[in-house]
Ligand SMILES: Cc1cc2nc3c(=O)[nH]c(=O)nc-3n(C[C@H](O)[C@H](O)[C@H](O)COP(=O)(O)OP(=O)(O)OC[C@H]3O[C@@H](n4cnc5c(N)ncnc54)[C@H](O)[C@@H]3O)c2cc1C
């Protein structure tokens, strides 16, 4: 199985089709893509389902409209709904990960770096 992903626009998939995967990740933002990359090459069949396309589309973005009932916060345009998710408007800040997170990202089974 290829380590490299293939992209398919679900709008071109026939209604009623089945996507056959062992692991299904919902959301192609920072978390979903990081998880898919960590699992790539494990031999698992992974499907990453992203609600948006490769670029911003107003009608898809509108699906994320929420009513804020808590503290005032700018909700409009904050989260982004296409591949890459909210990272698409990052302010170019990338914090150094803790050792535990780095171990997980490198594929160690535990945050402490032990293989189980
Ligand atoms: C303005 C702004 C600037 C930021 N700048 C930085 C920065 O410089 N550095 C930094 O480290 N962090 C930054 N952050 C925070 C960072 O972007 C988020 O913490 C991070 O993107 C969250 O990742 P996530 O995967 O949880 O969510 P997201 O990145 O929001 O991804 C969620 C994904 O899920 C998809 N989705 C939603 N619903 C569905 C559904 N039903 N089915 C399928 N897919 C779905 C969305 O389209 C989206 O692609 C910033 C945040 C904002 C708002």
Worksheet item: Any chance the stretch 50-62 includes a residue that's surrounded by 13 or more Cβ atoms within 10 Å (Cβ to Cβ) and not in a loop (DSSP other than H, G, I, E, B)?
Response: yes
Practice prompt. Could you list, in sequence order, all residues of the stretch 1-30 that are touching a helix residue (DSSP H, G or I) at 6+ places or on another chain (Cβ under 8 Å) and either modelled with pLDDT of 90 or more or within 14 Å of the ligand (Cβ to nearest atom) (or both)?
Written response: 23, 25, 26, 27, 28, 29, 30
Worksheet entry | Answer residue from the stretch 20-39, given it is surrounded by 15 or more Cβ atoms within 10 Å (Cβ to Cβ) and touching a strand residue (DSSP E or B) at 6+ places or on another chain (Cβ under 9 Å) and is farthest from residue 87 (Cα to Cα) among those | 39
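Every residue, every condition in (1) near the ligand (Cβ under 6 Å from one of its atoms); (2) within 19 Å of residue 28 (Cα to Cα); (3) free of Cβ contacts under 8 Å to residues at least 40 places away in the same chain, yes or no:
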| site | (1), (2), (3) |
| --- | --- |
| 53 | no, yes, no |
| 65 | no, yes, yes |
| 73 | no, no, yes |
| 77 | no, yes, yes |
| 85 | yes, yes, no |
| 88 | no, yes, yes |
| 96 | no, no, yes |
| 99 | no, no, yes |
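The values are calculated or read from the model by the stated rules, or taken from the named source; none is laboratory data. Just so we're clear, the structure is a prediction, and the values are computed from it rather than from any experiment. Note: ideal-geometry Cβ built from the backbone for every residue, glycine included; neighbour counts use all protein chains shown.
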